Amino acid sequence: MSIKITSLTKIYGQQKAVNNISFDVQKGEITGFLGPNGAGKSTTMKMITGYIEPDSGSMEVCGIKVQTGSIETQKKIGYLPETNPLYVDMYVREFLQFAANIHAVPKAKQRIEEVINMVGLTPESNKKISQLSKGYKQRTGLAAALVHDPEVLILDEPTSGLDPNQLMEIREMIKRLGENKTVLFSSHIMQEVEAVCDRVIIINKGKIVANNSIENLRNESLEGQTIHISFNRPVPSSLLESIRGIETVQAQNAQTFLITCKDADSIKKELLAMSLKEGLDISSLQTGSKSLETVFKSLTT
């Protein structure tokens, strides 16, 4: 496996920023690393990359222990931190040449052109970094993380500042990279995680609260399934809440509601019986899995 974390702990004063966590990420896998602000995501990523030391536990990257071989593991990692560390007085190619020199990249000029094209930097590649928009600065940081063709990519909010078209381009690029690299991907944009990741790890208050495929998390979440229902006229929420087995009712307007429950089939029968009793017509009735955002909220609040 490319990343292996065992009993990792980091303490700041009285606070356990990371509390005895363990997980692994395989080659060819894109894993989402999620959590609310302050949960320990960035601290964990910085420890894996060797930027900060853990208080206890062990980390391996491509079979090499980070604590005793941080320089060797850093050669195998491409890291884009949450705060993109760019030298804004440099030109784009100059900065990428600087990054390539650090990693002693062979045929550096050719590789720089490859990554410029890969991340969509070509239109802005002759500018100073200070002249770039936030989105193109993010692309420059991503290009620097890729210039040495690393086996492992650790990306902390890589799509920050990108417009919708750029998001789709970077999303597809990460998916392509994930075919033969190991990718640990952090984002607050749940739609991006759902579109890109094979599996998600959710951390909350320094502890891992979930580690599974997105589909399994949807099915296993305590909130069960969802029902989207619309009536032909306004209905009080209390009428739906009175049905046994319904856990939550969210009114989207006076006639449309989002219901969560554990057994959608039985609740649909109850809703049909209630509508007949009350003389209501159901204009639409749909069931579905919860979104990753719903699962995330249930596990971190």
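Here, each number is a calculation from the coordinates, and none is a lab measurement. Every value quoted in this text rests on a predicted model; they were computed, and no experiment measured them. Neighbour counts run over all protein chains shown; Cβ positions are idealised from the backbone, glycine included.
Output the Kirkwood hydrodynamic radius of the range 3-213, Cα pairs only, in Å rounded to one decimal.
17.4 Å
What the Cα convex hull of the range 234-274 gives, in volume per residue, is 61 Å³. Spin-label model, GLU194 to GLU113: label points 7 Å out along the Cα-to-beta-carbon direction sit 4.1 nm apart.
Relative to the longest principal axis of the Cα atoms of the chain, the long axis of helix 92-102 makes an angle of roughly 70 degrees. The relative contact order of the range 221-300 comes to 42 percent, based on Cα pairs under 8 Å that sit 6 or more residues apart.
Restricting to the chain, compute how many DSSP beta bridges are antiparallel as a %, nearest 5. Approximately 70 percent, going by the DSSP bridge assignments. By the count of other C-beta atoms within 10 Å, a proxy for reagent exposure, ASP156, ASP163 are ordered fewest to most as ASP163, ASP156. Between SER230 and LYS277, the simple spin-label model (points 7 angstrom out along Cα→Cβ) gives 2.6 nm.
To the nearest ten degrees, helix 134-146 and the longest principal axis of the Cα atoms of the chain are 60 degrees apart. My understanding is that a pair violates if its Cα-Cα distance is over 22 Å; which of LYS27/LYS109; LYS76/LYS205; LYS65/LYS137; LYS75/LYS107; LYS134/LYS207 do that in this structure? Beyond 22 Å between Cα atoms: LYS27/LYS109; LYS76/LYS205; LYS65/LYS137; LYS134/LYS207. With no solvent and one equal point scatterer per Cα, compute the Debye intensity ratio I(q)/I(0) for the range 70-159 at 0.16, 0.21, 0.22, 0.23 Å⁻¹ and report its log10, rounded to two decimals. For the range 70-159 at q = 0.16, 0.21, 0.22, 0.23 Å⁻¹, log10 I(q)/I(0) is -0.56, -0.99, -1.09, -1.19.
Put in line by how crowded their Cβ is, counting other Cβ atoms within 10 Å and starting with the fewest, MET59, MET173 read MET173, MET59. Calculation over all alpha carbon pairs of the range 221-300 in 10 angstrom steps from 0 returns a P(r) of 18, 56, 22, 4, 0 percent.
Per-residue 3J(HN,Hα) values for the range 151-157, derived from phi via the Karplus relation 6.51 cos²θ - 1.76 cosθ + 1.60 with θ = phi - 60°, read 7, 10, 10, 10, 10, 9, 6 Hz in sequence order (x marks Gly and Pro).
For helix 164-177, report the angle its Cα long axis makes with the longest principal axis of the Cα atoms of the chain; keep it between 0 and 90° and round to the nearest 10°. Once rounded, the angle reads 70 degrees. Using C-alpha pairs under 8 Å with a sequence gap of at least 6, the mean separation divided by the residue count of the chain gives a relative contact order of 19 percent.
For the range 141-238, GluC sites (Glu not before Pro) are listed when DSSP marks them as loop and at most 13 other Cβ atoms sit within 10 Å of their Cβ; the list is GLU179.
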